[in-house]
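Below is one structure, written out as structure tokens; comments come after it.
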């Protein structure tokens with residue numbers, strides 16, 4: 001049993017040595033992952049984009065704001081002129097934190113009263129929000145001011161700082177990426193086992209397949225609602241086949257110009273970005289051949 005396993009191991013090493021691309025992946029991929037995970041991915045929360053609304057505009061308010069930016073946790077990206085502008089900066093993602101100082105900030109500080117300051121925090125990322133919340137609270141208690149500052153935080157979008165609101169959308173995107181990769185690999189292996197890929201390549205050289213594999217003109221359509229346009233184009237006269245490639249549509253037509261196709265989509269309420277003829281790829285030829293064989297099998 002061990003001898004058989006060892007034979008397979010030796011065979012795999014021989015194949016890897018004979019295949020330069022596989023050998024490059026085996027050697028280069030671990031190094032790239034070490035660099036990315038070790039240096040490029042930084043989990044330290046600092047340099048948080050911050051927008052400031054300083055309504056006091058004097059030495060005391062500037063000193064208090066400097067205590068924020070001197071920590072290295074906050075970076076000033078803009079000065080807001082109103083609460084609405086500050087909120088718009090956070091809504092647009094230009095800033096994660098907004099600091100609001102009232103007009104009587106310095107007056108209360110000099111009079112011996114506890115001045116107040118509002119810190120508006122984007123809570124969509126709990127890790128960043130918790131860091132901003134903790135640092136701002138500590139600065140209000142142990143700053144260089146004569147008296148402590150009453151820092152009043154306001155958490156937006158995720159007041160409870162629930163990590164599930166941040167993790168689930170990211171995990172969905174990650175899972176979809178892996179699922180797409182796995183399904184594509186399964187499809188390629190399945191077609192190779194059935195011999196479909198070999199049959200396609202054996203028909204003619206790749207260049208000849210791209211040039212004469214499709215009878216008609218192939219148009220690439222980019223529009224705002226490709227799924228709806230896919231259903232509409234299936235009923236447009238002159239359209240033979242419609243295939244969805246990501247956010248683009250590949251439309252095989254007989255004697256339909258790009259202008260006529262765009263006009264047909266606009267007549268049905270579609271906002272068309274571009275329609276242009278393209279050169280068919282091997283994937284276009286493959287999909288068309290499989291669709292023709294499937295239709296022939298169903299009709300027969």
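The values are calculated or read from the model by the stated rules, or taken from the named source; none is laboratory data. Being a predicted model, the structure only gives us computed values, none of them experimental. Here the Cβ is made from the backbone with ideal geometry for all residues, glycine too, and neighbour counts use every protein chain on show.
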Pairs, please: C-beta under 6 Å, at least 6 apart or cross-chain, first residue surrounded by 12 or more Cβ atoms within 10 Å (Cβ to Cβ) and in the range 105-118, second part of a helix (DSSP H, G or I) and at pLDDT below 85? 115/108; 115/109
Can you tell me which of 54, 58 is at pLDDT 85 or above, in contact with a strand residue (DSSP E or B) (Cβ under 9 Å, 6 or more places away or on another chain) and in the same structural domain as residue 81 (by TED's automatic domain parsing)? 54
Which one of these does residue 100 not meet: (1) part of a helix (DSSP H, G or I); (2) at pLDDT 90 or above; (3) more than 24 Å from residue 166 (Cα to Cα)? (1)
Do the conditions hold for residue 288, that is, is it in the same structural domain as residue 217 (by TED's automatic domain parsing) and part of a strand (DSSP E or B)? no
State whether the residues of the range 156-169 include one that is at positive phi and either part of a helix (DSSP H, G or I) or modelled with pLDDT of 85 or more (or both). yes
I'm trying to understand the selection: among the residues of the range 247-275, which are part of a loop (DSSP other than H, G, I, E, B) and buried (at least 16 other Cβ atoms within 10 Å of the Cβ)? 256, 270
Looking at 129, 95 in this structure, which one is under 25 Å from residue 167 (Cβ atoms), assigned to a helix (DSSP H, G or I) and not assigned by TED's automatic domain parsing to the domain that holds residue 170? 129
If residue 70 satisfies every condition in (1) touching a residue at least 24 places away in the same chain (Cβ under 8 Å); (2) surrounded by fewer than 16 Cβ atoms within 10 Å (Cβ to Cβ); (3) over 29 Å from the mean Cα position of the chain (by Cα) but one, which is the exception? (1)
